[in-house]
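Derivation of every value follows stated rules applied to the coordinates shown; laboratory data play no part. The structure presented is a predicted model; accordingly, all values stated were derived computationally and were not measured. Cβ placement follows ideal geometry from the backbone for every residue including glycine, while neighbour counts extend to all protein chains displayed.
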């Protein structure tokens, strides 16, 4: 077989590929294992610096120059989100001392967005606040998203306006990251959030409402009242959910939303009643046991369980409800309550009496 | 070279093989470019904090189960242990004749709830809906048998997630796979479907429903399928991303926008290739409405499935797949070569029709004529040389896939496993492919006779060992 004949060429190609696959793959295994060992070693060094006592940490710092910068960056990118408090302060110090902070700041200015994205992921380690803010306004959506995702709590308060603007961003990843950053913020975000939510025309209103619903602050109550009248069912549902996080102020609003035309809104309102422990609304919640939607009925059952003992009483009343679905849900919930108590071994005489009440003769 | 009948025949056969190899080469180049692109982009897509938030898009995992008593509990446990924060799992017992429902009740302590839901998609009668008291994210639907598509439609009706993830009951999903599948939906609002990679679980070691170590298969048939799967996912699907004509999101592992699926009417209940059929319909609707409907394949999210280890089961599966392909091509023939449907109509569908659809017929004709030619002396044995060259090039393509697979996933390690895979690649080219050609021809025969049912399935439970 001549080597340059078509058959020879095809056979040679095959041979080369087999050798590449078997030997090249083997070589790759060896290199991969070696690299993994180096990464593990580097992780150990960083963990010693960050987590152990001063003396040991000092010794570990001497080992740091032996770790290639590429691996240091990779590890910091992976670990930066996991540290808090003292460990976080040490990581920052480490980044400054080793010149990594300068390197990250330089990456934040590169033309290639991929470098800027990596810098954005390490944004909290950049000492210069202006550089951090620049990343948040970057022209590339992914850079903006990463910068928002990795903002410090302090920065969230400072950049609240930008983050709220990001909720209107056409890119969903940016909106999502901004929403998460706002959720990680403290009470300083409330006032700008209220101002943002008073305007109905923002495309990001729903996203901002979700943030508000997860921020327990009475100053948000007027916002929930405003959006509870919205024609958009999703907004009403989130408003109901949010009202459930503001103690005392929302029972009138919730009683209205309990009879909303949309099942999702009714479910959210019932859940809010449960969270508020608004016993005075248990009768209205009981009526929802005959709701056409199973999700609403189930939520009503669960909420009545939370509102015990008044809730249990309402459940027992509905054991004789003319509506079979209400009867069944009440039956299921009381059964579940009894089973759970049985499991925990805390059945009381009152429970047994209650059981007598509803078990049909 | 004089063009006597023998030579003409060889030229024809080599031309067909050459076109097929050329098409493969184009796909290899496209896949390489896309892989590089994905690698660079995905380095910056670590939405670790975001996708662990309970406010991340809700994903409902749809699990149609028919006679899956051996593997259902382990599968569902694996799904409930996924690290995705906003998850719901809907298992549909599609009128199983075995103990699937009892096994679910036993393993997850189900409590009945009333079967009231918005029936947007038509399905067979739902007998009951249950929720697990151990993990309220699990919903089980018990319904009359209606086939996989019907079960999926029932699950979509009940799903509360904005995204739905269709998987097979015998599929194990990597813990972070859902995060990776959801990421493209966050990055691009036009994304309506994302598919992941399926690997073979046979001979792997698992722990609590998750695969912890993959080994090269011991069974030759499974080994050949391992090579075939690597080629199908890495080249067949990845390559179509930049060409814009991805037509297959595997029914065993893919995420869809629920609203988009509802708009096209869900899975087609009368098709055996329901996964491909749905994707083609989603694409068609997008083009008809002048919407940008992005359907992508993402190589990193991985799910594992059990490959048929017996010739008989495999024959049924391949026969069904081929009938599914023909069914889709026939249903959507109006899209073929229509510029309005862009790359799907101008590239992908013609490719599937010519290279995948007609391949068994052409191969059969080529082999038969060559044998007749050799027997009658029209073709001299030396004339087979070009054929041999073409086969060697085809075999080289398989090795290229293995190298690709090694670079992308590093699935198998160690010289022994790699040597085994080399042997499987040769076996796949020389034995497996010709045999599948026969099965596909059988599928063609059944298709022409109007057979559209799935055929009996054989389940042996996972062939994985608990570590």
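Given R0 = 60 Å, the distance between the Cβ atoms of residue B:83 and residue B:384 translates into a calculated FRET efficiency of 0.65. Per-residue Cβ neighbour counts within 10 Å put A:331, A:318 in the sequence A:331, A:318, beginning with the fewest.
Normalised by 2.2 N^0.38 Å, where N is the number of residues, the C-alpha radius of gyration of the protein assembly as shown stands at 1.07. Using the alpha-carbon positions of the stretch A:169-253, Rg (one decimal) and Dmax (whole number) come out as 12.1, 38 Å.
Scattering from the stretch B:75-195 was approximated by placing one identical point on each alpha carbon and applying the Debye formula without solvent; log10 I(q)/I(0) at 0.14 1/Å stands at -0.61.
The ellipsoid equivalent to the alpha-carbon distribution of the stretch A:181-334 has semi-axes of 31, 15, 11 angstrom, derived from the gyration tensor eigenvalues as √(5λ) and listed largest first.
Going by neighbour counts of Cβ atoms within 10 Å, the residues B:419, A:332 line up, fewest first, as B:419, A:332. Once the mean of 1/r is taken over each pair of separate Cα atoms and inverted, the stretch B:321-367 shows a Kirkwood hydrodynamic radius of 11.0 Å. Over the stretch B:252-318, the alpha carbon radius of gyration divided by the compact-protein estimate 2.2 N^0.38 Å works out to 1.38. Between the stretch B:178-241 and the stretch A:87-121, how many Å separate their Cα centres? Result: 35 Å between the Cα centres.
Cα centroids of the stretch B:356-403 and the stretch B:285-331: 27 Å apart. Partner shielding of A:20-29 amounts to 6, given as the average count of beta-carbon atoms from other chains within 10 Å of each residue beta-carbon.
For the stretch A:1-103, the share of alpha carbon pairs falling in successive 10 Å distance bins from zero is 13, 33, 17, 12, 11, 9, 5, 0 percent.
For the stretch A:95-139, count the residues as N, evaluate 2.2 N^0.38 Å, and divide the Cα radius of gyration by that value, please. Could the numbers behind the result be given before it?
Working: Rg = 9.4 Å, N = 45, 2.2 N^0.38 = 9.3 Å.
That works out to 1.01 for the stretch A:95-139.
In terms of surrounding Cβ atoms within a 10 Å radius of their Cβ, B:322, A:21 rank from fewest to most as A:21, B:322.
Against the main long axis of the alpha-carbon atoms of chain B, helix B:148-158 sits at an angle near 30°.
Extents of the stretch B:382-428, taken as max minus min of Cα coordinates on every principal axis and listed largest first, are 40, 19, 14 Å.
With each label modelled as a point 7 angstrom along the Cα→C-beta vector, the residue A:199-residue B:372 pair spans 7.8 nm.
Taking only C-alpha pairs under 8 Å that are 6+ residues apart, what is the relative contact order of chain B in percent?
On the way: 800 pairs, mean separation 91.9, N = 467.
Taking the mean separation of contacting Cα pairs over the length of chain B, I get 20 percent.
The three principal axes of the C-alpha atoms in chain B carry coordinate ranges of 77, 51, 48 Å, sorted with the longest axis first.
Using a Förster distance of 41 Å, how high is the FRET efficiency between residue B:441 and residue B:106, based on the Cβ-Cβ distance and rounded to 0.05? Walk me through the intermediate numbers first.
On the way: r = 44 Å, r/R0 = 1.08.
FRET efficiency, residue B:441 to residue B:106: 0.40.
If R0 equals 30 Å, the separation of the Cβ atoms of residue B:145 and residue B:120 corresponds to a calculated FRET efficiency of about 0.90.
Taking 37 °C and 0.692 mPa s as conditions, chain A diffuses translationally at an estimated 129 µm²/s according to Stokes-Einstein applied to its Kirkwood radius (Cα pairs).
Highest mean first, the peptides B:177-185, A:98-106, A:167-175 sorted by other C-beta atoms within 10 Å per residue fall in the order B:177-185, A:167-175, A:98-106. Name the residues of the stretch A:198-223 whose amide N is less than 19 Å from a point 7 angstrom out from the Cα of residue B:160 along the C-beta direction? Hits in the stretch A:198-223 for residue B:160 at 19 Å: A:210-211, A:213-214. Size descriptors for the stretch A:94-235: radius of gyration and Dmax over Cα atoms are 16.3, 56 Å. Once the mean 1/r over all distinct Cα pairs of the stretch B:139-277 is inverted, what Kirkwood radius in angstroms do you read off? For the stretch B:139-277, inverting the mean 1/r across all distinct Cα pairs yields 16.6 Å.
I'd like the mean, over residues of A:297-304, of how many other protein chain beta carbons sit within 10 Å of each residue's own Cβ. All intermediate terms of the calculation are to be shown ahead of the outcome.
Values: counts 3, 4, 0, 0, 0, 1, 0, 0.
Partner-chain Cβ atoms within 10 Å, mean over residues of A:297-304: 1.
Here the stretch B:197-285 is treated as a sphere whose radius is the Kirkwood value from Cα pairs; by Stokes-Einstein at 20 °C and 1.002 mPa s it diffuses with a coefficient of 141 µm²/s. Antiparallel beta bridges, as assigned by DSSP with both residues in chain B, represent about 45 percent of the total such bridges.
Cα extents for the stretch A:51-94 along the principal axes, largest to smallest and rounded to whole angstrom: 26, 24, 13.
Placing pseudo-labels 7 Å out from each Cα toward the beta carbon at residue B:19 and residue A:23 gives an inter-label distance of 3.9 nm. Neighbouring Cβ atoms from other chains, within 10 Å of the Cβ of residues in B:394-402, number 5 on average.
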